[in-house]
Amino acid sequence: MTTRVTFGECPVCRQGTLEAARLPNAGVLVVVCDDCESQWRHPGEATGGDTVIREEYARLVPADAEEVAAAGWPEGTVVDTP
């Protein structure tokens, strides 16, 4: 089972869910849409297409609730998926 931290609907595609993700071994957290793959540096910046970051993080993995809290991000919704 995988635990994901989500932050609501993607403001770009309006179809995907925003999820906390991290770049392994770098400690970099981003918010990424699970559908269109738009990315932001912080959940508060996920307001539309004009705030999307253009950096490519090819090997993102889900960030857990502890990592999200340690980054000072707002509490998201914790979802367990098979």
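Just a few scattered comments:
- Scope region 1-54; condition outside any loop (DSSP other than H, G, I, E, B) and charged (D, E, K, R); matching residues: 4, 9, 19, 22, 45, 50
- Any hit, region 49-69, residues being touching a Lys or Arg at 6+ places or on another chain (Cβ under 8 Å), surrounded by fewer than 12 Cβ atoms within 10 Å (Cβ to Cβ) and hydrophobic (A, V, I, L, M, F, W, C): yes
- Number of residues in region 1-52 that are in contact with a helix residue (DSSP H, G or I) (Cβ under 7 Å, 6 or more places away or on another chain), over 20 Å from residue 70 (Cβ atoms) and aliphatic (A, V, I, L, M): the value is 1.
- Scanning region 65-82 for residues that are in a helix (DSSP H, G or I) and touching a residue at least 40 places away in the same chain (Cβ under 8 Å) yields a count of 3.
- Subset tally (residues that are surrounded by fewer than 20 Cβ atoms within 10 Å (Cβ to Cβ) and out of contact with any Cys (no Cβ under 7 Å at 6 or more places or on another chain)) for region 4-16: 7
Every number in this text was worked out from the coordinates using simple rules, so none of it is lab data. Small disclaimer: the values here were computed from a predicted structure and weren't measured. So basically every Cβ, Gly included, is an ideal-geometry build from the backbone, and we count neighbours across all protein chains shown.
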